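Worksheet: the structure to be examined is printed underneath.
The values are calculated or read from the model by the stated rules, or taken from the named source; none is laboratory data. Quick caveat, the model's predicted, so the values are computed rather than measured. Heads up, the Cβs are rebuilt from the backbone with ideal geometry, glycines too, and the neighbour counts pull from every protein chain shown. Heads up: the accessible areas ignore ligands, DNA and RNA and are worked out on the full protein's heavy atoms, side chains in. Shrake-Rupley method; radii C 1.70, N 1.55, O 1.52, S 1.80 Å.
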Amino acid sequence: MIQPVGSAMSDDHSFVGGAPALALARQRLRGDLASLYGAARAGALAEALIRIAGAAASARPAPLRALDQSRAADPAWFLSQRQLGYCAYVDRFCGTLANLPGRADWLADLGVTYLHLLPLLKMRAGDNDGGFAVSDFGAVDPRFGGPGDLARAADSLRARGISLCLDLVLNHVADDHPWAQAARAGDAHHRGFFHVLPDDEAVTRAERTLAEVFPASAPGNFTWSPDLGGWVWTTFYPFQWDLNWSNPDVLVAVAEALLDLANQGVESFRLDSVPYLWKRIGTACKDLPETHAVLGVLRTVADLACPGVLLKAEAVTATRHMSRYLGSEARPEAHLAYHNSLMVALWTSLAEETAEAVTDVIARTPAAPEATTWALYARCHDDIGWHLLITDDGPAARPRAEALSAFYGGGDSDFARGVTFQAGSGALATCGMSASLAGLEAAEISGDAGALAAAIARIRLIHALVLLLPGLPILYMGDEIGLLNDPDWRSRDRFAEDERGLNRPFMDWSRAATPVGDRVLATLRSLVSLRRENEAFRADAGCEIVPSGDARVLRVRRGTRLDRVDLLFNLSSEPVVVMIADLADPQLDLVSGDTAEPRFVLEPWAVVALVDSRP
Ligand code: GLC
């Protein structure tokens, strides 16, 4: 509950940025809060949030405050080419949080500086959407750790130069979260934390303009609650109750949860499913302006209390809308936003054997404001949604999306081994680990050496794009050793709700020592070194598409005139002759270490990174 505004204002000195930071925060908060809740309430709400931020700042442990200070002095710190992300489920990776330090060497050796651990807060028993149905923002799920384990894990990672990122699920809570329980017990205050529609007619009206996220496993957007005597808004699974952000008490409660986790050492938050936060019946309830105002408020509160913390928006949305989640320099939102469009384009180009999809998406990617960038990834714990092509290009793109779905999940390819997500619902999406989608599973089963080499070349190509284009690359657990799909996902205690379980396998530590695992690892390691050693791969270094002369080849120039690198990627299974006569002779290929002739053959799925090698 929001406390009335007291006479005591927060002490400027509790904030790293002092009085100027406080004045800026107050101004930004008032603007965003007025747009959300009206000018009359904005002032009091802003002071309530400032008070919460002040309390969090005063309670901030000294090492975190030191981190805040150094990052506030260098707000672009995470744009360095030496930053590398990794994403894992703690139980799949190492069992529990207490075991994490024992695996920190693996991460550090790989060059990882940012570890996103997928949901590990207390989650609903039984089905819980892979932990995205949170029962308590303040406690780790007992299977993964006890009190103090989160802070200890964060500290030990920090000592190795690794920032811990956790999900902050903003759109919903589990139906057994105390807020939902209180609402069910008849508490009017907490009923107001949710959207409750009175009858079928209201539901039908709202459904008219809404899409379905899980059409096969969770059709519809509302769930009848006998206790509430109404239909609760449930965009995802019926047990995930959407929060009512038009109630400012929700905003305050979530801000408190964020600051509390930050003070335990969480250095970054993945803001889950942000586009859905704000609802307005009669719209698609996605990407609404108020959602951005909410993000603006969370960013302002975090900047004030813990300026070293990064926010990362999970906004699976049209390419043209992506940068909105980064805000602007004058009014920032997230520091990072997932580049879902590039991820879809990588796999599209690989299937179509032309550079068209990747070239288009690079050309269409909106500029990222200063001190922000894209989170780049080849695979994650979710599906690959081909529907994005229709979102971006209109209904004419449907056959293309259908062909990709059939290619990766429907058996239309001779190498890809994925499955269709939400099968039978008409959804156009694929699940699978990158190695299985790139042909490694098929190659290992057949024992065909040529197929194996091709699969590894595809894995390298996909990861080269992720590592060398502008952004913070995030590797998905196991991709570094070519981990395959989990064949037993349906019988697992977690992740059996839908096909995404296929791409949530246990880490197979023994695979790193196999010839295949070792080859993939060596391949990815060399790409990581290439990235780390060259400032042209900073997230904010230039990125210009240069005509390659062949539709199968993407050519991109990274860096500035002085430190530029020309990258060429062959997206096809055929050797392509390329001309680089526009570059000074000789050119050194940083990938192979060879000198490139002005006219040379780019092998299937090959990558070269050319720099001047004149003395
Ligand atoms: C995000 C998560 C996904 C989850 C959904 C609902 O998209 O990545 O796994 O199902 O949000 O929380």
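Annotations for the structure displayed:
- Leu452 vs. criteria open to solvent by less than 40 Å² (accessible area, probe 1.4 Å) and under 27 Å from Arg538 (Cβ atoms): no
- Any chance Arg492 is open to solvent by 50 Å² or more (accessible area, probe 1.4 Å) and within 16 Å of the ligand (Cβ to nearest atom): yes
- Residue match in the range 365-372 (condition: of a type outside the set (S, T, N, Q), out of contact with any helix residue (DSSP H, G or I) (no Cβ under 8 Å at 6 or more places or on another chain) and open to solvent by less than 30 Å² (accessible area, probe 1.4 Å)): no
- In the range 137-156, residue most open to solvent (accessible area, probe 1.4 Å) [restricted to those that are part of a strand (DSSP E or B) and away from the ligand (no atom under 16 Å from the Cβ)]: Gly138
- Contacts under 7 angstrom Cβ, first residue in the range 464-483 being free of Cβ contacts under 8 Å to residues at least 12 places away in the same chain, partner assigned to a strand (DSSP E or B), 6 or more apart: none
- Taken as a whole, the range 212-224 holds no residue that is open to solvent by less than 10 Å² (accessible area, probe 1.4 Å), part of a loop (DSSP other than H, G, I, E, B), among the hydroxyl-bearing types (Ser, Thr, Tyr) and within 12 Å of the ligand (Cβ to nearest atom).
Here's the yes/no breakdown for (1) part of a loop (DSSP other than H, G, I, E, B); (2) among the acidic types (Asp, Glu); (3) on the phi < 0 side of the Ramachandran plot:
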position: Leu502; (1), (2), (3): no, no, yes
position: Met507; (1), (2), (3): yes, no, yes
position: Asp518; (1), (2), (3): no, yes, yes
position: Leu527; (1), (2), (3): no, no, yes
position: Leu568; (1), (2), (3): no, no, yes
position: Ser573; (1), (2), (3): yes, no, yes
position: Val578; (1), (2), (3): no, no, yes
position: Leu588; (1), (2), (3): no, no, yes
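- Pairs where the first residue, in the range 534-563, is on the phi > 0 side of the Ramachandran plot and the second is assigned to a loop (DSSP other than H, G, I, E, B) and open to solvent by less than 60 Å² (accessible area, probe 1.4 Å), C-beta under 7 Å, 6+ apart: Gly559/Ala541; Gly559/Gly542
- Verdict on Trp278 being in contact with a Leu (Cβ under 9 Å, 6 or more places away or on another chain), open to solvent by 10 Å² or more (accessible area, probe 1.4 Å) and either aromatic (Phe, Trp, Tyr) or outside any loop (DSSP other than H, G, I, E, B) (or both): yes
- From the options Ser80, Ser58, Ser70, Ser135, residue that is over 27 Å from Asn503 (Cβ atoms), within 23 Å of the chain's Cα centre (by Cα) and at pLDDT 95 or above: Ser80
- Count of residues meeting criterion [outside any helix (DSSP H, G or I) and either within 16 Å of the ligand (Cβ to nearest atom) or touching a residue at least 12 places away in the same chain (Cβ under 8 Å) (or both)] in the range 307-346: 24
- Test: residue in the range 373-383 that is within 26 Å of Pro332 (Cβ to Cβ), at pLDDT 95 or above and of a type in the set (Gly, Ala, Ser): yes
- On the stretch given as the range 196-211, residues that are outside any helix (DSSP H, G or I) and away from the ligand (no atom under 16 Å from the Cβ) total 6.
- Gly161 being on the phi > 0 side of the Ramachandran plot, over 21 Å from the mean Cα position of the chain (by Cα) and away from the ligand (no atom under 16 Å from the Cβ): no
- Boolean, Gln83 is part of a loop (DSSP other than H, G, I, E, B) and of a type in the set (S, T, N, Q): yes
- Odd one out for Asp360 among (1) over 29 Å from Ser58 (Cα atoms); (2) surrounded by 22 or more Cβ atoms within 10 Å (Cβ to Cβ): (2)
- Only listed residue being closer than 14 Å to Pro505 by Cβ and either open to solvent by 10 Å² or more (accessible area, probe 1.4 Å) or within 21 Å of the chain's Cα centre (by Cα) (or both), chosen from Ser434, Ser446: Ser434
- Scanning the range 590-602 for residues that are closer than 23 Å to Ala453 by Cα, more than 32 Å from the chain's Cα centre (by Cα) and part of a loop (DSSP other than H, G, I, E, B) yields Gly593, Asp594.
- From the options Trp605, Trp509, residue that is at pLDDT 95 or above and over 22 Å from Gly111 (Cβ atoms): Trp605
- Any chance Ala378 is open to solvent by less than 10 Å² (accessible area, probe 1.4 Å), free of Cβ contacts under 8 Å to residues at least 40 places away in the same chain and not basic (Lys, Arg): no
- Check on Asp176, modelled with pLDDT of 95 or more and out of contact with any strand residue (DSSP E or B) (no Cβ under 8 Å at 6 or more places or on another chain): no
- Selection count, the range 529-543, where residues are open to solvent by 60 Å² or more (accessible area, probe 1.4 Å), assigned to a helix (DSSP H, G or I) and touching an Asp or Glu at 6+ places or on another chain (Cβ under 9 Å): 1
- Pick from the range 347-386, criterion of a type in the set (Val, Ile, Thr) and part of a helix (DSSP H, G or I), ranking: farthest from Ser80 (Cα to Cα): Thr348
- Residues located in the range 84-132, provided they are under 15 Å from the mean Cα position of the chain (by Cα), hydrophobic (A, V, I, L, M, F, W, C) and within 16 Å of the ligand (Cβ to nearest atom): Cys87, Ala88, Leu117, Leu118, Phe132
- Which listed residue is within 30 Å of Arg51 (Cβ to Cβ), surrounded by fewer than 22 Cβ atoms within 10 Å (Cβ to Cβ) and over 15 Å from the mean Cα position of the chain (by Cα), from Leu295, Leu288: Leu288
- Whichever residue in the range 225-252 is farther than 28 Å from Val297 by Cα and out of contact with any strand residue (DSSP E or B) (no Cβ under 7 Å at 6 or more places or on another chain) and, among such residues, is nearest to the ligand (Cβ to nearest atom): Asp227
- Hey, Ala98 in contact with a Gly (Cβ under 7 Å, 6 or more places away or on another chain) and either in a loop (DSSP other than H, G, I, E, B) or among the hydrophobic types (A, V, I, L, M, F, W, C) (or both) or not: yes
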